[in-house]
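Engineer: I have a structure I would like to understand better, so I am pasting it below and will then ask my questions one at a time.
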Amino acid sequence: MNRILIIENNAIFRNTLKKFLQAQFPTIVLEEVQNGEEALQKVKYFCPDIIFMDIKLSAEEAAMDKKMKNLFPKATFVFFTDYDSKEYRGAAKE
């Protein structure tokens, strides 16, 4: 069973993604948070296999993706953004 964490500050998008994932994969365990601080609290007891994360949020919150990657090196990260820039594409690859 996969455990998924969604980190997204836009409540509408976060809820839409959550509903989509639950509809497609009804057996997943899914948690959601709106910012990096909440994410760090949540991962103390919820060990995600997959982390969906707004890449802009990561940049704004002092490389949250790197902190999460250190906590869960085997987790798969899925980054998304509504901006198409070289900086975000490069950060996602890194």
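Engineer: Looking for something more than 14 Å from the chain's Cα centre (by Cα), surrounded by fewer than 18 Cβ atoms within 10 Å (Cβ to Cβ), modelled with pLDDT of 80 or more and not hydrophobic (A, V, I, L, M, F, W, C) - is there at least one such residue anywhere in segment 45-54?
Structural biologist: Of segment 45-54, the ones more than 14 Å from the chain's Cα centre (by Cα) are 45.
Those still in the list that are surrounded by fewer than 18 Cβ atoms within 10 Å (Cβ to Cβ) too: 45.
Those left that are additionally modelled with pLDDT of 80 or more: 45.
Okay, now just the ones that are also not hydrophobic (A, V, I, L, M, F, W, C), so 45.
The answer is yes; a qualifying residue exists.
Engineer: Any idea how many residues of segment 1-45 are part of a helix (DSSP H, G or I), over 16 Å from I55 (Cα atoms) and touching a Phe, Trp or Tyr at 6+ places or on another chain (Cβ under 9 Å)?
Structural biologist: 1
Engineer: In addition: When the residues of segment 5-39 are filtered to those that are touching a strand residue (DSSP E or B) at 6+ places or on another chain (Cβ under 9 Å), open to solvent by 20 Å² or more (accessible area, probe 1.4 Å) and under 16 Å from K66 (Cα atoms), which remaining residue is modelled with the lowest pLDDT?
Structural biologist: That would be N35.
The values are calculated or read from the model by the stated rules, or taken from the named source; none is laboratory data. These numbers were taken from a predicted model, which means no experiment stands behind them. So basically every Cβ, Gly included, is an ideal-geometry build from the backbone, and we count neighbours across all protein chains shown. To get the accessible areas, we keep the full protein, side chains included, count just its heavy atoms, and leave off ligands, DNA and RNA. Shrake-Rupley method; radii C 1.70, N 1.55, O 1.52, S 1.80 Å.
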